[in-house]
Every structure is written in structure tokens, then in C-alpha cells.
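The values are calculated or read from the model by the stated rules, or taken from the named source; none is laboratory data. These numbers were taken from a predicted model, which means no experiment stands behind them. Here the Cβ positions follow ideal geometry from the backbone for every residue, glycine too, while neighbour counts run over all protein chains shown. With ligands, DNA and RNA removed, areas are computed over all heavy atoms of the protein, side chains included. Shrake-Rupley method; radii C 1.70, N 1.55, O 1.52, S 1.80 Å.
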Amino acid sequence: KVPDVMGVAEVENRGVMQSVLNGTLLKKYGYRQVHEDSPDARGIDVALIYREDVFGMAEYRAFHVSEDMDGKPMKTRDILYVCLEDADRERYHFLVNHHPSKYGGASVSVPKRLAAMDVMVSVCDSLVRAGEKNIICMGDFNDTPDGDAFRMAGKCLVNMAVTLHRQGRGTIRYGGKWELIDMFLVSADVAGRAAMDICFPHFAAVPDGGHSGWKPLRTYTGPRYTGGISDHLPVMLRVNKY
């Protein structure tokens, strides 16, 4: 079974996303995209695609993260909020994230990730106070589950990646070690009927040169095109309706 909903990061623009939906095997599954251009300096965005035979669109909005926790202006990816309804008119709230990287060191980057997390948690807190239960945050958080930014998420969200992180599993590999930075944070109601896993298909793996084991097959290694999918492994969340 193909996923009903997918969150995607590092999207160049809406046209590129649509070419994936129209020009690959995804075409036969009737996916529709949600995408908004963000002010990110590198020109990359996030997007969400969903199957129209499973969900209908209720509303969507892009939330800007315009300054860090120290009040300094910044340009990064928006947090994309999408509300979908199933055939029973039950609403599901998705937030797609790609938080700022660790570039520049902790003193520079941590306030940026804290700001992105603050925006995401504020949206989720508003949904919880409005009585909404089906909240699913996903994406590349550019930090592991024990990072400072995740402490502020604990008041209204459950991090589904904690157990996998403690097992030493991850989605990126650096210096021969796995790090889990792609994950799902969900409302308590969803957490009780959901499970997260990491997908590692053989066609997306290559030997980790200089280290034992395997690593994801990247699209680029520096400026050199290597023909892979991504340097991140995809993560998956299975959610039972009841």
C-alpha cells in the first residue's frame, strides 16, 4: 500500500513537484500537492502530497519563521500546515517542517531551530486548545530527539522517534555513525495508535567507504552527481484510525 500522505523537503518549486507526480509511477495513485514558496535563502521549500481518493482538502497555510529566539532576522523554510478530511469528515492536521541546519555552530544555529520549533508548537497548541486530536508534525528537524528544541514540544506533542534513537538507529550517516534527525511528533491521541519506522531499501544504499556498514545513496557528493535519491532515509508513520 502506498502512503496516503507524504511530506517532502528540499523542493525547488511547485513545477518540480508536479513533474514527480505526473512523470513517475505516482501518477496512477491520484496524488495532489500542497506547496508554497518560502523565503529560504537557498530557494528550497517543503511540500505535502495526499491521495484524493482518501482525503479531501479542508485548508492550508504556510507559517513563516522570520527571526530567531534572539530576535535576529532569518530566512528559512516555512512550516506548511495542511488540514485534510477523510470520508467520515474526520480532520487530520499535518505540519511539514525543515528546520535550520547546524551550519555556523551551536551558538548561531540553536536559536534558529528553537524559533522554528516555537512556531510549530504554537500552531499545535492552538489546535489542541480548539479540541483537535489528529495532529502529525513531520520532517527534517536537523537535530536528534535529545536536542534542546524538543523540550518545548513535550507539552502538547509526543516524539515518535525517541525509541528508535535510543536503539542507535538513524536517517543520516556521518563519520560512520547514524543520527536520527527526520521524525514525527504527534498529538497524544495519535501516539496511542501509531508507530514510526525508518525505511532503508537496498536500492538506496551504498557501502560506507572508510567505515563498516552502509549509508544512503546521495544525489550529489559535493558538486558530483551520483544518481542517488537522498542523503536522508525516509521515515514512515502508520496510524490506525481507532
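Table for the structure above
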item	result
Protein accessible area in the range 1-81, 1.4 Å probe - carbon and sulfur %	48 percent
J(HN,Hα) series, the range 33-50, from Karplus relation 6.51 cos²θ - 1.76 cosθ + 1.60, nearest Hz, glycine and proline x	9, 10, 8, 9, 5, 10, x, 3, 5, 8, x, 10, 10, 10, 8, 9, 10, 9
For the range 59-209, size of Cβ-based charge dipole, Lys and Arg +1, Asp and Glu -1, in debye	280 debye
The range 100-145, accessible surface, carbon-and-sulfur percent (1.4 angstrom probe)	54 percent
In sequence order, calculated HN-Hα J values of the range 121-127 (Karplus, 6.51, -1.76, 1.60; Hz; x Gly/Pro)	5, 4, 5, 5, 4, 5, 5
Of Gly30, Gly209, Gly192, the one that fluctuates the most in a GNM where the chain has Cα springs shorter than 10 Å	Gly209
Per residue value of the accessible surface for the chain (all protein chains in place, 1.4 Å probe), Å²	54 Å²
Simple Cβ-charge dipole of the range 1-106, Lys/Arg +1 and Asp/Glu -1, about Cα centre, in debye nearest 20	320 debye
Simple label model, 7 Å out from Cα along Cβ direction - Leu21 to Ser107, nm	4.5 nm
17 Å reach of a label modelled at Cys199, 7 Å along Cα-to-Cβ, counting backbone N of the range 130-165	138-140
Answer label for Cα extents along the principal axes in Å (calculated), chosen among [x] 53, 40, 28; [y] 52, 46, 35; [z] 49, 40, 33	[y]
Helical mean residue ellipticity (222 nm; -39500 (n - 2.57) per DSSP H run of 4+; nearest 500) of the chain	-5500 deg cm²/dmol
Residue among Leu164, Ser187, Phe150 farthest towards the positive dipole end of the chain, charges placed on Cβ	Leu164
The chain - share of DSSP beta bridges that are antiparallel (%, nearest 5)	90 percent
Furthest towards positive pole of dipole, Tyr103, Met6, Met57, structure part the range 1-115, Cβ charges	Tyr103
Student exercise, the range 178-240 dipole from Lys, Arg, Asp, Glu Cβ charges, in Debye to nearest 20	160 debye
Under Karplus coefficients 6.51, -1.76 and 1.60, residue-wise ³J(HN,Hα) of the range 66-81 in Hz, glycine/proline x	9, 8, 7, 6, 8, x, 7, x, 8, 10, 9, 5, 5, 9, 8, 9
Candidates per chymotrypsin sites (Phe, Trp or Tyr not before Pro) in the range 80-113, loop by DSSP, up to 12 other Cβ within 10 Å	Tyr103
